[in-house]
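Accompanying notes for the structure given below.
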Amino acid sequence: MDKLREIIATFRGNRELKKRFFVTLAIFAIFRFVTHIPVPGVNTVAIKAAFAGNQLLSLLDIFSGGTLANFSILALGLNPYINASIIMQLMTMISPKLEELSKEGESGQEMINQYTRMIAVPLALVQSAAMYLILKSGGLVTINSPLSLLALLVTMAAGSIFLMWLGENLTEYGLGNGISMLIFAGIVARLPVTFLQTKAAAAVGTNPANILALAGMGLFVVFAIVGIDEARREITVQYSRRVRGGRDMGGGTSYLPIKLNNAGVIPIIFAIALVLAPSMIARVIQNVPNHMIANFATVVAASFTPSSVWYNIVYFVLVVGFTYFYTAVVFDTDKIADQLKQNGGYIPGIRPGKETSEYLGGIVHRTTLPGALFLGGIAVLPSIVQGFTQVSTLTIGGTSILIVVEVILETYRKVQSYFVERSYKIFIK
């Protein structure tokens, strides 16, 4: 209770933290309000019924932030921006010019962000057209003229760009990562609907023991996520003593922490944006006049569902691959080795520079493996659990729990950093 009072008192006295907190609440309110503005010309009642009975569409709705079932102007969610981010990160690794630009600090990163936004616009238009074709094939959308179709596509694309703008402002002026926070808000908003569906399923014959088993497994997953998030290997770093201006500086021992999961929830978000693509594309082209192509697309759409083996294998591999990829992006061993060398730091028994970079790279590869396998296991856990319990209404599974827990932990750390910053300012005064 004393700790809670201390946190509340610190929050009241921290103007920056209060400002960010209320900005976050305001953006969440805008987001949830706009999710209820439907695109004209769609049968929202039929769409909600279709999403309630389709596991793939329910999963799409979760990662759109709960906007797709309403077919709101934000129906595309952040998928175009996420796909554009993946493209830009891959291009940064391939193109020497973009790689140099990424190393130019804030100005270079701002240019890369601008390129990402530019790529997201045509992707949003393409995905709008794909979504329209999917819903048209099911008789869920009625468009009477080319002008109405153009208005629908532009409205959906503009909604996705607006959501991207909300996410960037949430990152800059709010608490936590904007993309993760908006997906988090969508998942939390879906909780009441999911629980009501599960309750209705229990009333019509689903074994209550299976639901209790799911609840127990959910608690275990939360415990495991927190444990993996806190697990780290600490590398001893020794600093040399230097004399500057007749004064001894430096010296002492510190530790460089290397986490098992340096990538957070980003690999899950990237992987889900790609793993849903085959089924989405297949649903678009399964009504083409060519019978061979249509039959092939129908087979792909039927076999590549969240409960299929191929879907889960591809999903698992993508999560593991993106974990290694994103870890290499956020934990640049060459840069860390150079910083240690410039500050007079070294790892005992390892030469500064290239050997330090290679040593850190080897440790990162070994520590990332269990973290990547854990994330991959969490990603495919819902399909495995639903296969044993036969409870298909709980689309909010391990992936969603991981995002919720990781966002809460990330936000807590950011809030703690503001507490520490305020403490330093008070100490300096």
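For residue 74, state whether it is of a type outside the set (D, E, K, R), in contact with a Gly (Cβ under 8 Å, 6 or more places away or on another chain) and at pLDDT 80 or above.
Numbers: of a type outside the set (D, E, K, R): yes; in contact with a Gly (Cβ under 8 Å, 6 or more places away or on another chain): yes; at pLDDT 80 or above: yes.
Here the answer is yes, as residue 74 does meet what is asked.
Answer with yes or no whether residue 75 is in contact (Cβ under 8 Å) with a residue 40 or more places away in the chain and small (Gly, Ala, Ser).
yes
Identify all residues within region 91-100 that are of a type outside the set (Ser, Thr, Tyr), at pLDDT 80 or above and open to solvent by 30 Å² or more (accessible area, probe 1.4 Å); write none if there are none.
From region 91-100, those of a type outside the set (Ser, Thr, Tyr) are 91, 93-94, 96-100; that's our starting set.
Keeping just the survivors that are at pLDDT 80 or above gives 91, 94, 96-98, 100.
Of everything in region 91-100, those that are of a type outside the set (Ser, Thr, Tyr), at pLDDT 80 or above and open to solvent by 30 Å² or more (accessible area, probe 1.4 Å) turn out to be 91, 94, 96, 97, 100.
When you go through (1) in a helix (DSSP H, G or I); (2) in contact (Cβ under 8 Å) with a residue 24 or more places away in the chain; (3) crowded, with 17+ Cβ neighbours inside 10 Å one by one for residue 317, which number turns out not to apply?
Only one criterion in (1) in a helix (DSSP H, G or I); (2) in contact (Cβ under 8 Å) with a residue 24 or more places away in the chain; (3) crowded, with 17+ Cβ neighbours inside 10 Å is unmet by residue 317, namely (3).
I'd like the full set of residues that are over 16 Å from residue 233 (Cβ atoms), surrounded by 17 or more Cβ atoms within 10 Å (Cβ to Cβ) and among the hydrophobic types (A, V, I, L, M, F, W, C), limited to region 357-378. Please lay out each step first, then the result.
Restricting attention to region 357-378, the residues satisfying the condition of being over 16 Å from residue 233 (Cβ atoms) are 357-358, 373, 375-378.
Filter again for surrounded by 17 or more Cβ atoms within 10 Å (Cβ to Cβ), leaving 357, 375-376, 378.
Hits for region 357-378 are 375, 378.
Test of understanding: among 86, 143, 73, which residue is touching a Phe, Trp or Tyr at 6+ places or on another chain (Cβ under 6 Å) and open to solvent by less than 50 Å² (accessible area, probe 1.4 Å)? Talk me through it step by step, then tell me what you get.
Numbers: 143 fails: touching a Phe, Trp or Tyr at 6+ places or on another chain (Cβ under 6 Å); 73 fails: touching a Phe, Trp or Tyr at 6+ places or on another chain (Cβ under 6 Å).
On inspection, the qualifying residue turns out to be 86.
Could you say which residue among 134, 143 is in contact with a Leu (Cβ under 9 Å, 6 or more places away or on another chain) and not in a helix (DSSP H, G or I)?
Values: 134 fails: not in a helix (DSSP H, G or I).
It is 143.
So residue 104 fits all but one of (1) surrounded by fewer than 16 Cβ atoms within 10 Å (Cβ to Cβ); (2) part of a helix (DSSP H, G or I); what number is the exception?
(2)
Could you pull out the residue among 227, 186, 174 that is modelled with pLDDT of 75 or more and surrounded by fewer than 14 Cβ atoms within 10 Å (Cβ to Cβ)?
Details: 186 fails: surrounded by fewer than 14 Cβ atoms within 10 Å (Cβ to Cβ); 174 fails: surrounded by fewer than 14 Cβ atoms within 10 Å (Cβ to Cβ).
Step by step, each of 227, 186, 174 is checked, and only 227 is modelled with pLDDT of 75 or more and surrounded by fewer than 14 Cβ atoms within 10 Å (Cβ to Cβ).
Of everything in region 379-429 that's charged (D, E, K, R) and modelled with pLDDT under 65, which residue is most open to solvent (accessible area, probe 1.4 Å)? Break it down stepwise before answering.
Let us first name the residues in region 379-429 that are charged (D, E, K, R), namely 406, 410, 413-414, 421-422, 425, 429.
Now restrict to residues that are modelled with pLDDT under 65: 421-422, 425, 429.
Numbers: 421: 82, 422: 81, 425: 114, 429: 205 Å².
For region 379-429, the residue satisfying everything is 429.
State the number of residues belonging to region 14-43 that are at pLDDT below 75 and touching a Leu at 6+ places or on another chain (Cβ under 9 Å). It would help to see each step written out before you state the result.
Applying the first criterion (at pLDDT below 75) to region 14-43 yields 14, 40-43.
In the following step, the residues that additionally are touching a Leu at 6+ places or on another chain (Cβ under 9 Å) were identified as 40-43.
Number satisfying all stated conditions: 4.
In the set 142, 171, which member is within 19 Å of the chain's Cα centre (by Cα) and more than 16 Å from residue 77 (Cβ to Cβ)? Before the answer, list the steps.
Details: 142 fails: within 19 Å of the chain's Cα centre (by Cα).
It is 171.
Please enumerate the residues belonging to region 252-271 that are under 27 Å from residue 128 (Cβ atoms) and modelled with pLDDT under 80.
Our first condition is that a residue be under 27 Å from residue 128 (Cβ atoms); within region 252-271, this holds for 265-271.
Within region 252-271, 265, 269 qualify.
Kindly indicate whether any position in region 232-251 is touching a helix residue (DSSP H, G or I) at 6+ places or on another chain (Cβ under 6 Å), within 30 Å of residue 178 (Cα to Cα), open to solvent by 50 Å² or more (accessible area, probe 1.4 Å) and modelled with pLDDT of 75 or more.
Looking through region 232-251, at least one residue is touching a helix residue (DSSP H, G or I) at 6+ places or on another chain (Cβ under 6 Å), within 30 Å of residue 178 (Cα to Cα), open to solvent by 50 Å² or more (accessible area, probe 1.4 Å) and modelled with pLDDT of 75 or more.
Can you spot a residue in region 324-347 that is out of contact with any helix residue (DSSP H, G or I) (no Cβ under 7 Å at 6 or more places or on another chain), open to solvent by 20 Å² or more (accessible area, probe 1.4 Å), of a type in the set (Lys, Arg) and at pLDDT below 85?
yes
The values are calculated or read from the model by the stated rules, or taken from the named source; none is laboratory data. Because the structure is a prediction, the values reported are computed rather than measured. Every residue, glycine as well, gets a Cβ built from its backbone with ideal geometry; the counts of neighbours run over all protein chains shown. Surface accessibility is based on the protein's heavy atoms, side chains included, excluding ligands, DNA and RNA. Shrake-Rupley method; radii C 1.70, N 1.55, O 1.52, S 1.80 Å.
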